[in-house]
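Reading through the C-alpha cells given below for one structure.
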C-alpha cells in the first residue's frame, strides 16, 4: 500500500479521529510531509526530529515510541540503523487498545451521483514526475551555475548524485545546502557522504548571521536612545533640568549599556519630575537586566 492508496482509503480522516497528542500529531504530519516530497523512509535521531517539530527530545522519544506501538509509524531494520515510515495500511493501526478496523465509521465516503464519486483522487506516474522536476532542476541549476560543465559523463554523475540526495534526505534541506555551499562543493557525492558535517556547519554559520543581525539591531536602539538624551542635554533644549536629572542623563549617554541604565532611571522616576514624560515615552527601549557597570538604583 502506498501514499495514494492511503489518501484514497480516507487515511487522513481516520488519522483525525485517532486522538493523538500534540507531539504525536507533529511527528505524523512531518513524516507525511516527507512522503509527499518523495521521501518515504527516514533515518533520523530523536534530537534532530525534536528540533524539526519544535519539541524536546524526551517528549519526542515518548511520542515516537507510542506511535510505533500503535503501528502508525513503521520501523524497519536493526536498532542502530533503523528506518522509519508511515504505516499506510490503517487496518494495522491500534488505538486505545482496539484495532482501527473496528472503527470504520471514521471513514466518510463522498455522496455519489449517477454512479460516480463527486470527489476522487487521481494520480499518475506522469503527475508524480512533474512534481519532482522543479526541485531537481533547482538543485542542478544551483550547483552547476558558473561551472561551465559540458562533459556528458560529468553531467550524468551530477544528476545521479541529485537523485541519491533526494531519495535520502528532505528535498528542501538538500536545496538549501547546495545553494549555501555551491562554491565550496567539488561534487554532490561529497555532500551525500558528509551530510551531518555540512548540516552542522550550515546551522552554526546561519545562526552566527542571525546573532550579528541581532547585535546590529541592539546597537541601533542604543543609538536611538542616546540621540534623544543628547537632545535633552543640548543647550538648545527648553526643558528645565535639575542637577541630579542632568547626571542621570549623562550616565545614560556615556554608559556601555544605556538602555539598562534607562531601566533603573525609570524605576526611580519619582525622583526626576522633569524627566517624567521622557521616561514614559521611551520605556519601550529599556532593558531590565544589568550584569555589570555602575547602575542607578532607587
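Quick note: the coordinates plus some simple rules give every number you see, no bench work behind them. Quick caveat, the model's predicted, so the values are computed rather than measured. So basically every Cβ, Gly included, is an ideal-geometry build from the backbone, and we count neighbours across all protein chains shown.
According to the calculation over all Cα-Cα pairs in segment 125-193, the P(r) per 5 Å bin from zero is 3, 17, 31, 27, 15, 7, 2, 0 %. Here the peptides 61-71, 230-240 are ranked by packing, the mean other Cβ count within 10 Å, and the order with the highest first is 61-71, 230-240. Each Cα pair under 8 Å and six or more residues apart adds its sequence gap; the mean of these over the residue count of segment 210-285 is a relative contact order of 30 percent. Classify segment 210-285 as rounded, prolate or oblate, taking a ≥ b ≥ c as the square roots of the eigenvalues of its Cα gyration tensor: rounded when a/c is under 1.5, otherwise prolate if a/b is larger than b/c and oblate if not. Prolate is the answer for segment 210-285, as a/c is 1.5 or above and a/b outweighs b/c.
You can think of it this way: the chain between residue 151 and residue 239 has 24.1 nm of extra reach, that is 0.36 nm per residue less the Cα-Cα gap.
Expressed as a fraction of 2.2 N^0.38 Å, the C-alpha radius of gyration for segment 6-58 is 1.21. What distance in nm lies between label points placed 7 Å from Cα along the C-beta direction at residue 283 and residue 21? Reported label-point gap for residue 283 and residue 21 is 4.1 nm.
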